[in-house]
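**Q** After the structure tokens below, expect a handful of questions from me.
The values are calculated or read from the model by the stated rules, or taken from the named source; none is laboratory data. If you're wondering where the values come from, they're calculated on a predicted model, not measured in any experiment. Neighbour counts are summed over all protein chains in view; Cβ atoms, including those assigned to glycine, are modelled from backbone coordinates with ideal geometry. Quick note on the areas: whole protein, heavy atoms, side chains included, nothing else; ligands and nucleic acids left out. Shrake-Rupley method; radii C 1.70, N 1.55, O 1.52, S 1.80 Å.
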Amino acid sequence: MFVPNPYRPGAGETPTYLAGRDKTLEEGEKILTTISYGYPARSEIFYGLRGVGKTVLLNRLMDIGIERGIVSESIEIENRSKSFQSELALKVYKLMAQLSRTKQLEAYMIRALGILKAFSLKYSNDGFTTEISVDPVQGIANTGNISNDISELFLALGSVAKHQKKGVAIFIDEMQILRVADMEALFVAIHRVNQKGYPLVLFGAGLPKIIKIAGRVKSYAERLFLFVKIGSLDKESAALALTKPAEGLGISYTPDAINEVLRITEGYPYFLQEYGSQIWELKQDNTITLGTVKAAYREFESRIDESFFRVRYEKATHRELEFMLAMVKTGALPCTIRQVANILHVKLQSISVLRAQLIHKGFIYDSSRGEIDFTVPQFGEYLKRVSYPHG
């Protein structure tokens, strides 16, 4: 009899059992509950390595918000070449459309739509402005000063939300890709919304460098947002993430099988889902043993190499790969750039540009005490596999 595979290793896919994130979700729910009453609340940004489940948390909180009647939209920042302003204008348009379902528009709604139309005419190429039947309000959100214009756009949206007694939540993933000017404008806009007491919040997610970028962009960023670190799961939570999906279908793991999976995956949610998925395909009966776990390892490694590591590896130049391999050769991560320079037998200054490029591309980040580490868990092990395939 066919039994479906309960593991979901796809990018951003919500697992069938979301383990170890209860406290984080509870805090997010409090924010959503607050704005559902029409009160302002502090926005929140999740930060962490690739594969720890930041996108999953955004998606889950968005679902919770929608269940509670909160008007919500999401944006995934794909690259800097795509206009953030245009994407934002479209999402605000959709939010306002959800808030204005009554046939008779009040004066505040007409004004808000006019502000949006003026902003869209200046910043958007999507053509949806023709659907906004009101005249644009000139000189407010189309000044060309992006901080002013996004602030006015958010204030217009927040005003509508307050009048309609509705909460509004905007979810933005991959925030570290935003241009500095766009991030600054976004922060200024949220700050102004808070000052006016509007029930509008932002939930964001990004790589660890988002904290340093945010601090440089606006000194008040740490007071404006709750920055929440999302890491690997502790042993108990990781075990639940592995075993609970199987238990729901009458399948169990032996203790040594569980320990082996936890040792290899180090509690990273994406790796747990991928390994569990490959183990599932090889199970013989209702009990998964250490032998099954070991038999599934080769396919697990092949899958993460192709779907998780290689897509990032191929974006690096030859010199960038040399730099990262030197990081691995230091023996323990995080490491310092001086250690990397010593291994490459070059002067420190000659590789500082490479370090900056790798941070910009999202390969590495500045960890504590001026050290560097990979943004992708176990990327160092992958580099060793592809650089020294025969050990």
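**Q** I'd like to check something: does the stretch 320-338 contain any residue that is under 23 Å from Arg179 (Cα atoms) and at pLDDT 95 or above? Steps first, answer last, please.
**A** Start the filter on the stretch 320-338 by keeping residues that are under 23 Å from Arg179 (Cα atoms), which leaves 320.
From what is left, the residues that are at pLDDT 95 or above are 320.
Yes; the residues of the stretch 320-338 include at least one that is under 23 Å from Arg179 (Cα atoms) and at pLDDT 95 or above.
**Q** I'm trying to understand the selection: among the residues of the stretch 357-391, which are on the phi > 0 side of the Ramachandran plot and modelled with pLDDT under 90?
**A** Arg369, Gly370, Gly391, listed by residue number.
**Q** While we're on this one: Scanning for something touching a strand residue (DSSP E or B) at 6+ places or on another chain (Cβ under 7 Å), open to solvent by 10 Å² or more (accessible area, probe 1.4 Å) and not aromatic (Phe, Trp, Tyr), does the stretch 368-378 turn up at least one residue?
**A** For the stretch 368-378, residues touching a strand residue (DSSP E or B) at 6+ places or on another chain (Cβ under 7 Å), open to solvent by 10 Å² or more (accessible area, probe 1.4 Å) and not aromatic (Phe, Trp, Tyr): present.
**Q** Just to be sure I understand, how many residues within the stretch 57-92 are touching a residue at least 24 places away in the same chain (Cβ under 8 Å) and open to solvent by 40 Å² or more (accessible area, probe 1.4 Å)?
**A** Matching residues across the stretch 57-92 total 10.
**Q** Of all residues in the stretch 320-330 being in a helix (DSSP H, G or I) and free of Cβ contacts under 8 Å to residues at least 24 places away in the same chain, which is surrounded by the most Cβ atoms within 10 Å (Cβ to Cβ)?
**A** Per the criteria, the residue is Ala326.
**Q** Checking Ser232 against (1) open to solvent by 10 Å² or more (accessible area, probe 1.4 Å); (2) within 23 Å of Ala11 (Cα to Cα); (3) part of a helix (DSSP H, G or I), which test does it fail?
**A** In the conditions (1) open to solvent by 10 Å² or more (accessible area, probe 1.4 Å); (2) within 23 Å of Ala11 (Cα to Cα); (3) part of a helix (DSSP H, G or I), Ser232 misses (3) alone.
**Q** Separate question: Report, by residue number, each residue of the stretch 212-242 that is under 19 Å from the mean Cα position of the chain (by Cα) and in contact (Cβ under 8 Å) with a residue 60 or more places away in the chain.
**A** The answer is Lys212, Ala214, Leu224, Phe225, Leu226, Phe227, Val228, Lys229, Ile230, Gly231, Ser232, Leu233.
**Q** What are the residues in the stretch 184-211 that are open to solvent by 20 Å² or more (accessible area, probe 1.4 Å) and either more than 14 Å from Ala41 (Cα to Cα) or in contact (Cβ under 8 Å) with a residue 12 or more places away in the chain (or both), if any?
**A** Glu184, Val188, His191, Arg192, Asn194, Lys196, Tyr198, Pro208, Lys209, Ile211
**Q** Is it the case that Lys384 is touching a residue at least 12 places away in the same chain (Cβ under 8 Å) and open to solvent by 30 Å² or more (accessible area, probe 1.4 Å)?
**A** Taking the combined requirement at face value, the residue satisfies it.
**Q** With the condition kept exactly as written, say whether any residue in the stretch 335-353 is touching a residue at least 24 places away in the same chain (Cβ under 8 Å), touching an Asp or Glu at 6+ places or on another chain (Cβ under 8 Å) and closer than 21 Å to Lys384 by Cα.
**A** yes
**Q** Further question on the same structure: Can Asp149 be described as on the phi < 0 side of the Ramachandran plot, open to solvent by less than 20 Å² (accessible area, probe 1.4 Å) and not polar (S, T, N, Q)? Walk me through it before giving the result.
**A** On the way: on the phi < 0 side of the Ramachandran plot: yes; open to solvent by less than 20 Å² (accessible area, probe 1.4 Å): yes; not polar (S, T, N, Q): yes.
Yes, satisfied.
**Q** While we're on this one: Without any contact (Cβ under 8 Å) to a residue 60 or more places away in the chain, closer than 16 Å to Ala19 by Cα and touching a Ser or Thr at 6+ places or on another chain (Cβ under 9 Å): is that true of Gly248 in this structure?
**A** No: the conditions fail for Gly248.
**Q** Please go through (1) in a loop (DSSP other than H, G, I, E, B); (2) more than 30 Å from Ser237 (Cβ to Cβ); (3) at pLDDT 95 or above for Glu73 and return the number of the only condition it doesn't satisfy.
**A** (1)
**Q** Further, regarding this structure: Go through the stretch 331-367 and report how many residues are in a loop (DSSP other than H, G, I, E, B) and either among the aliphatic types (A, V, I, L, M) or crowded, with 17+ Cβ neighbours inside 10 Å (or both).
**A** Qualifying residue count, the stretch 331-367: 6.
**Q** Condition first: in contact with a Pro (Cβ under 8 Å, 6 or more places away or on another chain) and of a type in the set (S, T, N, Q). Now tell me which residues in the stretch 130-171 satisfy that. Show your work before the answer.
**A** First pass over the stretch 130-171, keeping only residues in contact with a Pro (Cβ under 8 Å, 6 or more places away or on another chain): 142, 158, 161-162, 166-168.
Answer for the stretch 130-171, where residues must be in contact with a Pro (Cβ under 8 Å, 6 or more places away or on another chain) and of a type in the set (S, T, N, Q): just Asn142.
**Q** Now for a separate question. Suppose we filter Thr33, Thr14 for residues that are polar (S, T, N, Q), open to solvent by 30 Å² or more (accessible area, probe 1.4 Å), closer than 30 Å to Leu249 by Cβ and not in a strand (DSSP E or B); which single one remains?
**A** Thr14
**Q** Taking the conditions exactly as written (at pLDDT below 90 and assigned to a helix (DSSP H, G or I)), does Thr129 satisfy them or not? Spell out how you get there, then give the answer.
**A** On the way: at pLDDT below 90: yes; assigned to a helix (DSSP H, G or I): yes.
For Thr129, the condition - at pLDDT below 90 and assigned to a helix (DSSP H, G or I) - is met.
**Q** Next question, about the same structure. Would you mind listing the helices (runs of 4 or more DSSP H) fully within the stretch 253-319 where at least 3 residues are without any contact (Cβ under 8 Å) to a residue 60 or more places away in the chain and among the hydroxyl-bearing types (Ser, Thr, Tyr)?
**A** 290-304
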